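Here is the structure we will look at.
The values are calculated or read from the model by the stated rules, or taken from the named source; none is laboratory data. Bear in mind that the values here come from a model prediction, so they are computed numbers and not experimental data. With ideal geometry, Cβ positions are generated from the backbone for all residues, glycine too; neighbour counts draw on all protein chains shown.
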Amino acid sequence: MEVLAADAIGKLPDRNAAEAVQRIQGVSIERDQGEGRYVSVRGTPIQWSASLLNGNRLPSASLDYADRRIQMDIFPSEMIQYVQLSKAITPDMEGDAIGGSINFITKAAPLKRTLHINAAGGYNGQSQRGSYNSSILFGDRVAQGKLGYILSAVIWDRTAAQDRYNLNYDFSNSNAMQAFSITDLQLRDYIARRRTLGFNGGLEYAFNERHKIMAKGLYSEYMDAQRVRENYFYFNTKTATITTRAADYHTSLYSGELSGQSSFSERFGLDWALSMDKSAFKFMDPDYYPMATFSQKVDYDGLAPDGKKYLAMDSPDGTGDYIDHILPHLASTTAISAEAMKLTQVVNIRSKIKNATSVLE
């Protein structure tokens, strides 16, 4: 087992649980738009590892997967006291933790009065929007140290954007030369606003040196507002399409635990816990995922003598674009316009997923 403490997490710019865990040897992560999302232990598939919160299995709810993999970008790193990583199954674990288990321990009442405030801001030139993050933590002990408490909150609001292109080749063509022709060019504009919000609280009361009771509560939510515009140019069918889609992905996590520790003698003690964890996913504003596609007929210039679109290095006569500068080259007689575009497809996706776990130990 390896342990990563909050002091080590705070020294590095890790904003969520996945990015914090990647600092441990033998752990790798999958990223989405540059942010860590899923964790893999020892190279095993993500769903082979068990993810726990305060020792209890985390429920999974996301649009991407219906299996056990946990979307860890929902969990801010500021709420983590330390992380326990087990790379092998031990007798106290469930038997399905083939790749290992990752246990996130949330912050508990401090030994003395503590106040931490952090704030930062930035600007994304690609999206032309600002971003900020801030967190506050306060904890103390009162009643001669018998009652301890902690309250913390964190918000991280940022934007992400990218302009990118994809190419598809006609590899199914039996003609060896034409197999390297380009069937379609995809130009994609992607803008996303992401917001992570979290609250954590804890209470601890010590009746005496032998008996104490504790309570923990956590709420975290992750909002991913996506706005996408895709321009597709199909050279073989001489068509062009525009696809627009927009949705607000909303994932939330609730966790609560009541526990106690009692020591009756040097050889006999009692530790007990009652916990409830719940995760939910849904679309918000609107409450579905709309996608519309518009299409029109077009003509293209810059084609090879065989009527195909190539990169210059693949073209039979050298006619074509270069890999770092690819354009559709619409003919001068062609213009993409709102009047010429026709609505060809509308897709509305609805999804609402809930998953919960409860444990009495």
If I filter segment 201-246 down to residues being part of a strand (DSSP E or B) and among the acidic types (D, E), which single residue comes out as farthest from the chain's Cα centre (by Cα)?
E204
Does any residue in segment 240-268 that is outside the structural domain of A338 (by TED's automatic domain parsing) and modelled with pLDDT under 90 come within less than 6 Å, Cβ to Cβ, of a residue that is basic (K, R) and buried (at least 19 other Cβ atoms within 10 Å of the Cβ) six or more places away or on a different chain, and which pairs are these?
none
Looking at segment 308-349 only, could you name the residues that are loosely packed, with under 12 Cβ neighbours inside 10 Å, assigned to a loop (DSSP other than H, G, I, E, B) and touching a strand residue (DSSP E or B) at 6+ places or on another chain (Cβ under 7 Å)?
I323
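How many residues does segment 274-303 contain that are closer than 15 Å to D184 by Cα and in a loop (DSSP other than H, G, I, E, B)?
5
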Does any residue of segment 292-310 turn out to be free of Cβ contacts under 8 Å to residues at least 12 places away in the same chain and more than 34 Å from the chain's Cα centre (by Cα)?
yes
Among residues belonging to segment 350-361 that are surrounded by 12 or more Cβ atoms within 10 Å (Cβ to Cβ) and aliphatic (A, V, I, L, M), point out the one that is farthest from the chain's Cα centre (by Cα).
V359
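Has segment 133-149 got any residue that is of a type in the set (S, T, Y), in a strand (DSSP E or B) and surrounded by fewer than 17 Cβ atoms within 10 Å (Cβ to Cβ)?
Looking through segment 133-149, at least one residue is of a type in the set (S, T, Y), in a strand (DSSP E or B) and surrounded by fewer than 17 Cβ atoms within 10 Å (Cβ to Cβ).
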Looking at M93, M79, which one is farther than 19 Å from Q22 by Cβ, surrounded by 14 or more Cβ atoms within 10 Å (Cβ to Cβ) and not assigned by TED's automatic domain parsing to the domain that holds L197?
M93
